[in-house]
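Below is one structure, written out as structure tokens, with a few remarks after it.
The values are calculated or read from the model by the stated rules, or taken from the named source; none is laboratory data. What you are looking at is a predicted structure, and each value in this text was computed from that prediction instead of being measured. Please note that ligands, DNA and RNA were not included when accessible areas were found on the heavy atoms of the full protein model with its side chains. Shrake-Rupley method; radii C 1.70, N 1.55, O 1.52, S 1.80 Å.
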Amino acid sequence: MGIGWDGWQGKDLSNVMQNSAIEFMARVDGDPIFSLPIVFILEDYSENQCYATASYLGIEGGEITNSWTKVTIPLPTFSYTKNNIDLSNVKQLLLQCYDKVDIYLSLIHISEPTRR
């Protein structure tokens, strides 16, 4: 799944990569999960990509249950230096699932340092 916010215009994330995070709320039906089976991918307009996952430490309380749980993925955890992505021209955020689980996501946003 890809999210090309702001009408697919290129986004300049170069000034916020060191101090911001992707934040959202998540919940599951059934048993709690302790890691999120989703790879988060930033892609620029030359189709370079960088990746990050949500670690245990990014899940408020350490588990996602049937109650809404805050998940934080710090932007510095993305592999943007290794993968040579143009942070001044980001096209979209992609979410790639790698395990079978029904998970609900809501309120996805990039937090400003003062809001975290």
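For LEU95, the accessible surface of its heavy atoms amounts to roughly 10 Å² (probe 1.4 Å, protein chains only, rounded to the nearest 10).
Where the centre of each part is set by its Cα atoms, how far does the stretch 22-51 sit from the stretch 76-90, in angstrom? Value for the Cα centre distance between the two parts: 16 Å.
Compared with the alpha-carbon gap, the fully stretched path from THR65 to VAL39 is longer by 7.4 nm at 0.36 nm per residue. Along the stretch 42-49 the Karplus relation, 6.51 cos²θ - 1.76 cosθ + 1.60 evaluated at θ = phi - 60°, assigns HN-Hα couplings of 9, 10, 9, 6, 9, 6, 6, 10 Hz to successive residues, with x for each Gly and Pro. Counting only protein heavy atoms, what percent of the accessible surface of the stretch 47-98 is carbon or sulfur at a 1.4 Å probe? Carbon and sulfur atoms account for 45 percent of the accessible area of the stretch 47-98. In the full protein context, the stretch 77-116 carries 71 Å² of accessible surface per residue, based on a 1.4 Å probe and ignoring ligands, DNA and RNA.
Note on the chain: Lys pairs 8 or more places apart or on different chains, Cα atoms under 22 Å apart, count 4. Taking 0.36 nm per residue of separation and subtracting the current Cα-Cα distance, fully stretching the chain between ASP29 and ASN89 would add 17.9 nm.
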